[in-house]
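Enquirer: The structure under discussion is supplied below as structure tokens; questions concerning it will follow.
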Amino acid sequence: MKIFNSIHEFSSTAKTIITLGTFDGVHKGHASILRKIISNSRALGYESVVLTFFPHPRMVLQQNSAIKLLSTMEEKAQLLESYELDNLVIHPFDIEFSRLTAEEFVKDVLVDRLNIHKVIIGHDHRFGRNRTANIDDLIRFGNEYGFEVEKISALSVNEVSVSSTKIRNALTAGDITTANDFLGYPYFLTGTVVKGKQLGRTIGFPTANMHIKEDYKLIPANGVYTVSSEIDGKIVYGMMNIGVRPTVEGTSLSIEVHFLDLDKNLYDARMCIAIHHRLRDEQKFESFDALKLQLYKDREDTIAYFKKHKV
């Protein structure tokens, strides 16, 4: 997959099959569209193109927006690459770009820059200045400028339509099961292991303290979760605490992972932590001994979970 950091970097003599949007989380609903543009492009001998934007439009247009995203740009590119796309175009979203009218966007971007043959898009997609244009307008422009439009209905899982917003809400509530079901894969965090206070070592539970530099990345609700990660080419399992560590009077959010059966210095390592199951809420314990007893139980529950669920 070729990655372009703006529409101005992209060029192709071949016609393209395009989809566009923020693709936050690259969830099951997105997957149906991605598979369509790939199958269409291969059947016709054209190139597949995903046009996405960064920052997220709401970060630019709503100055007080506190939106948290399911995927960083690095994670989104990683997820999209797994679909064997030909091209990913990441265009900077700013005020000037947001002021393009719907027709300017179609002609200047889709037709003149991306050499479009067909666009495959969700049925509820809106575009252009103030998001005033809809799928019917796109079909009209397609007739005028000579490209096809195919609309995709919302994908439903257990009779509930999938959306990035619903996944964000599930994660904020600590409902990792629903979030993973809608995503089609375990939600994950990518960050660097940094040095913490090393209190876990004193009670036999050393942890890798994760630092995530992208402050817009959505962190699930505080609590204890079962997790996995690939380290040195091998899948390792563990449990992760997200929270403020009330037992030691903590005040700032921390993300700490205790890996089972791993004795390795992980400082400065770049890691991807996949989250599988929520074990419990974060709790304040009366003593370190009480915390230690709970951690032993958490470890037993984690082992039992991974014996039952192979990942």
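The values are calculated or read from the model by the stated rules, or taken from the named source; none is laboratory data. Quantities reported herein were computed from a predicted structural model and do not represent experimental measurements. Note that each Cβ is placed from the backbone with ideal geometry, even for glycine, and that neighbours are counted across all protein chains shown.
Enquirer: Going through the range 274-299 one residue at a time, which ones are surrounded by 16 or more Cβ atoms within 10 Å (Cβ to Cβ), more than 17 Å from I231 (Cβ to Cβ) and modelled with pLDDT of 95 or more?
Expert: Of everything in the range 274-299, those that are surrounded by 16 or more Cβ atoms within 10 Å (Cβ to Cβ), more than 17 Å from I231 (Cβ to Cβ) and modelled with pLDDT of 95 or more turn out to be H277, R278, L279, D298, R299.
Enquirer: Can you find, within the range 121-152, the residue that is farthest from A14 (Cα to Cα) among those that are part of a strand (DSSP E or B) and at pLDDT 95 or above?
Expert: The residue in question is V149.
Enquirer: Still on this structure: Give the number of residues within the range 109-128 that are surrounded by 14 or more Cβ atoms within 10 Å (Cβ to Cβ), in contact (Cβ under 8 Å) with a residue 12 or more places away in the chain and more than 13 Å from I18 (Cα to Cα).
Expert: Qualifying residue count, the range 109-128: 3.
Enquirer: Just to be sure before I move on: is I90 of a type in the set (V, I, T), closer than 21 Å to I18 by Cβ and within 21 Å of the chain's Cα centre (by Cα) in the structure I sent?
Expert: yes
Enquirer: Testing N5 on (1) closer than 23 Å to V109 by Cα; (2) in contact with a His (Cβ under 7 Å, 6 or more places away or on another chain), one condition comes back false. Which one is that?
Expert: In the conditions (1) closer than 23 Å to V109 by Cα; (2) in contact with a His (Cβ under 7 Å, 6 or more places away or on another chain), N5 misses (2) alone.
Enquirer: Condition first: in contact with a helix residue (DSSP H, G or I) (Cβ under 6 Å, 6 or more places away or on another chain), under 15 Å from G243 (Cβ atoms) and of a type outside the set (F, W, Y). Now tell me which residues in the range 271-285 satisfy that.
Expert: Passing the criteria: I275, R278, L279, K284.
Enquirer: Which condition from (1) over 24 Å from F182 (Cα atoms); (2) surrounded by 13 or more Cβ atoms within 10 Å (Cβ to Cβ) is the one that M271 breaks?
Expert: In the conditions (1) over 24 Å from F182 (Cα atoms); (2) surrounded by 13 or more Cβ atoms within 10 Å (Cβ to Cβ), M271 misses (1) alone.
Enquirer: Considering only the range 1-52, how many residues are farther than 22 Å from I139 by Cβ, of a type in the set (G, A, S) and within 16 Å of the chain's Cα centre (by Cα)?
Expert: 2
Enquirer: Also: All but one of (1) surrounded by 12 or more Cβ atoms within 10 Å (Cβ to Cβ); (2) over 27 Å from the mean Cα position of the chain (by Cα); (3) of a type outside the set (F, W, Y) hold for T302; which doesn't?
Expert: (2)
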